[in-house]
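Below is one structure; the comments refer to it alone.
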Amino acid sequence: MRIGFVVSEYHAFVTSGLEDGARAALVESGLALEDIERFPVPGAHELGQAAARLAATGRFAALVCLGCLIRGETPHFDYIAQAATHGIMRASQEHLIPIAFGLLTTNTADEALARAAAGPANKGREAALAAVAMARLYGTIASPS
């Protein structure tokens, strides 16, 4: 099983923790490190775009999108959160592969760091486990003829 990580480089102080948690979860699930491929993107807005492109290749059983938005003083947070969410879901539905949602939408950096800390509550870890579970489920479902 090959899994692709689409990782936002914006707020890397948070997304690196999400990625560490996701990578650890996949290894614990029996995947080899060489079965995980990382694709960095500039920010959360680009997660769905890259996921769609990667899903179209047919190279991956699932993708994991990891990013972080921290609310600011303007509505920009809301626009990016909505666009990223819809982009990720649209990519999954159009290409019929699981694409896990590991995009934090927090009010503060402290909230984000708490969700990216090492341990079982790491949201990157949760997203990676969801991707594997869905990839396994998809594997049991017959393809349309």
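Taken as Cα centroids, segment 62-134 and segment 3-60 sit 11 Å apart, rounded to the nearest whole angstrom. Length gained on full extension, Thr74 to Thr108: 10.8 nm, using 0.36 nm per residue less the C-alpha separation.
Kindly express, to the nearest 10 degrees and within the range 0 to 90, the angle between helix 123-140's C-alpha long axis and the longest C-alpha principal axis of the chain. The helix 123-140 is inclined about 20 degrees to the chain.
Once the 1.4 Å probe is applied to the protein heavy atoms, the chain comes out at 52 Å² accessible per residue. Below 8 Å, C-alpha to C-alpha, sequence gap of six or more: please give me the relative contact order for segment 1-50 in percent. Taking the mean separation of contacting Cα pairs over the length of segment 1-50, I get 58 percent.
Suppose a student asked you for the relative contact order of segment 39-98, using Cα pairs under 8 Å spaced at least 6 residues apart; what percent would you report?
For segment 39-98, the relative contact order is 50 percent.
Measure nothing fancy, just the Cα-based angle from helix 12-28's long axis to the longest principal axis of the chain, in degrees from 0 to 90, nearest 10. Approximately 30 degrees, to the nearest 10. Each residue, Ser29 and Arg90, gets one label point 7 Å from its Cα in the Cβ direction; the gap between the two is 2.6 nm.
Relative contact order for segment 1-108 using alpha-carbon pairs under 8 Å, separation at least 6, rounded to a whole percent? Provide the component values of the computation, followed by the final result.
Working: 199 pairs, mean separation 36.9, N = 108.
Value for segment 1-108: 34 percent.
On a 0 to 90 degree scale, rounded to 10, what angle separates helix 47-57 from the longest Cα axis of the chain? That works out to roughly 10 degrees.
Taking only protein heavy atoms and a 1.4 Å probe, the accessible area of segment 46-129 is 54% carbon and sulfur.
The values are calculated or read from the model by the stated rules, or taken from the named source; none is laboratory data. Note that this is a predicted model, so its numbers are computed, not measured. Cβ sites come from the backbone with ideal geometry, for glycine too, and all protein chains shown count toward neighbours. Ligands, DNA and RNA are stripped out before the accessible areas are found, and what is left, the full protein with its side chains, is counted by its heavy atoms. Shrake-Rupley method; radii C 1.70, N 1.55, O 1.52, S 1.80 Å.
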